[in-house]
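One structure is given below, encoded as C-alpha cells.
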Number of protein chains: 4
Amino acid sequence: MAEQLPDSGALVPVCDSASPDWFIYRVKVHPHHTDYGGIAWHGSYLTWMEAARVECLRSLGVEFAELVTLGCDLPVVTLNLRYHRPARLGESLVIKTRMTGVDGVRIPWDYEIVSLETQELCLSGQVILVAVDREKGRILRQLPPVVQAALTRLAQ
Amino acid sequence: MAEQLPDSGALVPVCDSASPDWFIYRVKVHPHHTDYGGIAWHGSYLTWMEAARVECLRSLGVEFAELVTLGCDLPVVTLNLRYHRPARLGESLVIKTRMTGVDGVRIPWDYEIVSLETQELCLSGQVILVAVDREKGRILRQLPPVVQAALTRLAQ
Amino acid sequence: MAEQLPDSGALVPVCDSASPDWFIYRVKVHPHHTDYGGIAWHGSYLTWMEAARVECLRSLGVEFAELVTLGCDLPVVTLNLRYHRPARLGESLVIKTRMTGVDGVRIPWDYEIVSLETQELCLSGQVILVAVDREKGRILRQLPPVVQAALTRLAQ
Amino acid sequence: MAEQLPDSGALVPVCDSASPDWFIYRVKVHPHHTDYGGIAWHGSYLTWMEAARVECLRSLGVEFAELVTLGCDLPVVTLNLRYHRPARLGESLVIKTRMTGVDGVRIPWDYEIVSLETQELCLSGQVILVAVDREKGRILRQLPPVVQAALTRLAQ
C-alpha cells in the first residue's frame, strides 16, 4: 500500500514563490477537528498554528523539544485572531506563518490560513510568544542563543 | 522560505516494502499532543488513528467528507488499545493501519504505532467502525457502494 | 460512593456578590488540559470559555443545542486573549464571563480567568460571536428572538 | 448573575443509592466535544473518563497532581471501550467509574456512561493504569503508599 507524506517533515523543501516570506504548512480538516456544524471548531486552528510554528523553527535549525530539554519554554502570551470563513470537513488548508519584529524576548508570529483549493482566507491573526526559564518560571532577559542564531539567519 | 510537506496528501505515494499490507501515515508529537509528563496524552493517539483511517480510505478512492454528504457515517463502535511505550515531544511516529476481515457493515481496522527512529512499538490495537444512515441514525444493512467497491479493490 | 457536582448544572445558583455582573463557571485543570510543561495548554482555555458561554446562555434561558436545531449558529469571529500566568495541573479555576454591548448580530463576551485559590489572573480577553443562518451560511440580519429576549432580560 | 456549580468539586457529596459502588461524575456535551455529526466525538469520552478518575481518586484522598509531584505517574496501558449510542450536543451524561481488583501495580477501572435523562447506556468499558516511576520511566514494584492507602479504604 501507499505511504503517505509525513505530517510535518522537511524531506522536500519547496520554495513558495508566491509567498517568499511565509513559512508554509499544510493540514487537512479531519473529523476530530470539526464540531456539530461540520466545520473546524475554532480551537482546532490553534493546533495547526502551533504545528506550523514548531516546523518553522525546525526549518531554522531550532528543534523545539531540545529547547525544552535545555530549560527554555516559549509560551503564548497574546493571541489575536479573526475567523473569516469556516474550514470544512475534508478541506485542505495552507497555514502561513512568519516571525516578525522580535522585540527583546517577545517573538511575534503572523498567520494567515487559506483554503488550498479556493485560496479564500479562513483566518488571520497574530500570536506572541515569550521566552521563559522553565525552572524559575520567569521571563528570560534574552533569547536562548539557538533561537537568537535562528533569528539572525532569518533576517539575512 | 521552505514549503513543508502536507499533513496528509498523497502527492508522492511510496510503497513501504517492509509492510506491504499496511497503510502508512506519519505524524510528529507536537506540544498540544503532550501532557504534564512530556509525552503524548493517551487520547492524542485517537486523532492520529482517525487521520490515518481517513487517508487510507482516500487512497482507496473513498473521500470521507463525500460519504458524510451522501448521508453515511462510520462511527467507532469498539476501541481496543494497548499502550506499550510513551511517545515523546518532538518524536516522529509511524501510524500503520489496515482494514481486516470486514463482516457485514462492521469494518475492523488494525493498528500499530511505532517510533520512526527506533522502530519501537508505542501502541497496538483495533478499532471497529460500523456504517450508519445519518438521517435515521440506524446501522445500514449493507455498506455504501463506494465503500464496498474500495474493499473489493483492497482485496484484489 | 460520593456523587460529584455536575460539570455545568444550575442546581444551586449562587450569587457572586463580589462580581455581580459576571457569570461564574468553575473548572479544574485535568491531565488532558496540560502540556509538557505541566501547565494548561493555551488552547485548553478555549474549551472552558466555550463551556462558560454555553452555561451563561442557559442561565438566561437560551439552550444552545436548541438554537442549533432551530437553524442558528453563533460562531466565533474574533478572539483576543492575553495569558498572564499559567494554570497548573490540579488547579481550580474560575471562568468569569459577561456579554457586553451587543452590536447588531455581533455578541461580544468579556473574559477573566482567575485561580480559585490565589485569585491571580491567568487570562483576560474578549471573544466576539456572530449569529449565522446555518443553512445559508450567512450572517443573520438580526439576532434570533430567543437570544434577543435573553439580552433584554440581561439588560434589565 | 448566577454562579454555576464547579466542574468537579466535592462540595456536596451525595450517595447514589442506585449505584452504591460507582463513583459518579457528570458532564455536558459542549460544542468542542462534538464532531460533524452533532454528537460527541469518540475521543471526547476519554477526557470525561480521565476527569472522573482524577475526581474519584480525590474523593479517596489521593490528589493526582501531588502524586505527580512525588514522582509517580499513572499512565493508561489498556483501553477497551464499546460505544453503544451517541451522546448529543447539549446532552447531560453521567460518568460512572470504579476501581476493580487491583493486581500489583495494575489498577483497572470499569466505566459506564449513561444519558442523565434517558438512562440509556452510551459507553461501557475498562481502562487499566499502571504505576510508574516518572524519573526512571519504569513500572514501580509496588503502588505508592498514598494510593495503597486509598485502595484499602475503598475495600473496607
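The values are calculated or read from the model by the stated rules, or taken from the named source; none is laboratory data. If you're wondering where the values come from, they're calculated on a predicted model, not measured in any experiment. Cβ atoms come from the backbone with ideal geometry, glycine included; neighbour counts cover every protein chain shown.
Just a few scattered comments:
- Matching residues, region A:70-92, being at the interface with chain B (Cβ under 9 Å from one of its Cβ atoms) and not basic (Lys, Arg): A:Leu89, A:Gly90, A:Glu91, A:Ser92
- Among the residues here, D:Ile128 qualifies as in contact with a Pro (Cβ under 8 Å, 6 or more places away or on another chain), part of a strand (DSSP E or B) and of a type in the set (Val, Ile, Thr).
- When each of C:Val127, C:Val105, C:Val114, C:Val29 is tested for being within 13 Å of the chain's Cα centre (by Cα) and of a type in the set (A, V, I, L, M), the lone residue that passes is C:Val127.
- Every residue from region C:37-78 that is part of a loop (DSSP other than H, G, I, E, B), modelled with pLDDT of 95 or more and either of a type in the set (A, V, I, L, M) or in contact with a Lys or Arg (Cβ under 9 Å, 6 or more places away or on another chain) (or both): C:Gly37, C:Gly38, C:Leu74
- In region C:46-69, residue surrounded by the fewest Cβ atoms within 10 Å (Cβ to Cβ) [restricted to those that are more than 7 Å from chain D (Cβ to nearest Cβ) and within 10 Å of the chain's Cα centre (by Cα)]: C:Leu57
- Some residue of region C:79-90 being among the aromatic types (Phe, Trp, Tyr) and either assigned to a helix (DSSP H, G or I) or modelled with pLDDT under 90 (or both): no
- Residue in region C:98-116 that is in a helix (DSSP H, G or I), within 14 Å of chain D (Cβ to nearest Cβ) and small (Gly, Ala, Ser) present: no
- Out of B:Ala150, B:Ala87, sole residue that is farther than 30 Å from D:Gln126 by Cα and among the small types (Gly, Ala, Ser): B:Ala150
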